[in-house]
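> The structure follows.
The values are calculated or read from the model by the stated rules, or taken from the named source; none is laboratory data. These numbers were taken from a predicted model, which means no experiment stands behind them. Backbone-built Cβ (ideal geometry, glycine too); neighbour counts: all protein chains shown. Ligands, DNA and RNA are excluded from the accessible area calculation, which covers all protein heavy atoms including side chains. Shrake-Rupley method; radii C 1.70, N 1.55, O 1.52, S 1.80 Å.
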Amino acid sequence: MLVDSHCHLDLAPFSADLALVIRRAQAAGVTRLVVPAVSAKRWPALLALAEQYAPIYIALGLHPYFQAEHSEQDLLLLESLLAQRHPKVVAVGECGLDWVIADADRAKQQTLLEQQWLLAEKFELPVILHVRKAHPELLSLLKAKPAQKGAVIHAFSGSLQLANDYIQHGCLLGIGGVITYPRAAKTRAAVAELPLSKLLLETDAPDMPLAGFQGQRNEPARVVQVAESLAALKQLPLADIYSQTGANATQLFGFKP
């Protein structure tokens, strides 16, 4: 099984040709696509996509980048939607901490994350985590309150020590296009040493283009190239990469028809 564990197919760059993008992914061997939300206004569209396309599974959450849009009412709505236990809702997210964005309201971000964390626990769902320049704060949360059903650090890009810190606190690591760039030496070296049982494949489409595709829209079919880069780094057969990362995604998200 080949899974793109993180792609944003509900966003505008895919509005004109989404069906074709999904067909290309399937033709490349991608069997599951996990589409995380970024804000409450996107939740209805995500639920509709999950109903329309068999390969699509979704996560519902509030992304820290859009902190100004989020409200207490959104959290109440999130709780209501999660309570419906839709079989295609497989995680809470994308949520997290982002200290890079201008005018970051750190207190609001932390409160939103903690409240979504509690909802994930209540409804027994894993968490999809976004983190930039806030690793100590996120690790502090993980130490104080481990994710009961697991978590994934989206778009991991860091050292072996940071990777192991997250793994020790129950997280999987989302590995994407960064490893296709030879200049990403630190992350490539770290990923080469990490256990395959702790890794997921992702594209973050339409963002994070792979090496050789700079300036182009990213799409889920290119998770194949991420898998190929991972196989080369770990000196393993490509079939092993597909099999283990697919099993990791299935275990974390509990895919159901």
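> Out of the residues in the range 1-17 that are open to solvent by 20 Å² or more (accessible area, probe 1.4 Å) and either within 29 Å of L238 (Cβ to Cβ) or touching a residue at least 60 places away in the same chain (Cβ under 8 Å) (or both), state the one that is nearest to the chain's Cα centre (by Cα).
Ranking the qualifying residues of the range 1-17, first place goes to L11.
> Right, next: Answer with yes or no whether V178 is touching a strand residue (DSSP E or B) at 6+ places or on another chain (Cβ under 7 Å), over 18 Å from Q26 (Cβ atoms) and of a type outside the set (K, R).
Values: touching a strand residue (DSSP E or B) at 6+ places or on another chain (Cβ under 7 Å): no; over 18 Å from Q26 (Cβ atoms): yes; of a type outside the set (K, R): yes.
For V178, the condition - touching a strand residue (DSSP E or B) at 6+ places or on another chain (Cβ under 7 Å), over 18 Å from Q26 (Cβ atoms) and of a type outside the set (K, R) - is not met.
> For the range 32-80, which residues satisfy the criterion of being of a type outside the set (D, E, K, R), open to solvent by 30 Å² or more (accessible area, probe 1.4 Å) and part of a helix (DSSP H, G or I)? Spell out the reasoning first.
Filtering the range 32-80 for residues of a type outside the set (D, E, K, R) gives 33-40, 43-50, 52-68, 70-71, 73, 75-78, 80.
Within this subset, residues satisfying the condition of being open to solvent by 30 Å² or more (accessible area, probe 1.4 Å) are 44-45, 47-48, 52-54, 65-66, 68, 71, 73, 76-77, 80.
Listed by number, the residues that qualify are P44, A45, L47, A48, Q52, Y65, F66, A68, Q73, L76, L77, S80.
> Can I ask one more? So I22 passes all but one of these: (1) under 24 Å from R132 (Cβ atoms); (2) open to solvent by less than 40 Å² (accessible area, probe 1.4 Å); (3) assigned to a helix (DSSP H, G or I). Which condition number does it fail?
It fails just one condition, (1).
> Run A189 past the list (1) more than 17 Å from the chain's Cα centre (by Cα); (2) under 19 Å from S5 (Cα atoms) and report the number of the one that doesn't hold.
(2)
> Mind checking which pairs have a first residue in the range 180-209 that is more than 30 Å from L11 (Cα to Cα) and a second that is modelled with pLDDT under 95 and open to solvent by less than 30 Å² (accessible area, probe 1.4 Å), Cβ under 9 Å, 6 or more apart or different chains?
Close Cβ pairs satisfying both conditions: K186/G158; A190/G158.
> Is it the case that G158 is farther than 27 Å from L82 by Cβ and modelled with pLDDT under 95? Spell out the reasoning first.
Values: farther than 27 Å from L82 by Cβ: yes; modelled with pLDDT under 95: yes.
Yes; evaluated as a whole, the condition is true for this residue.
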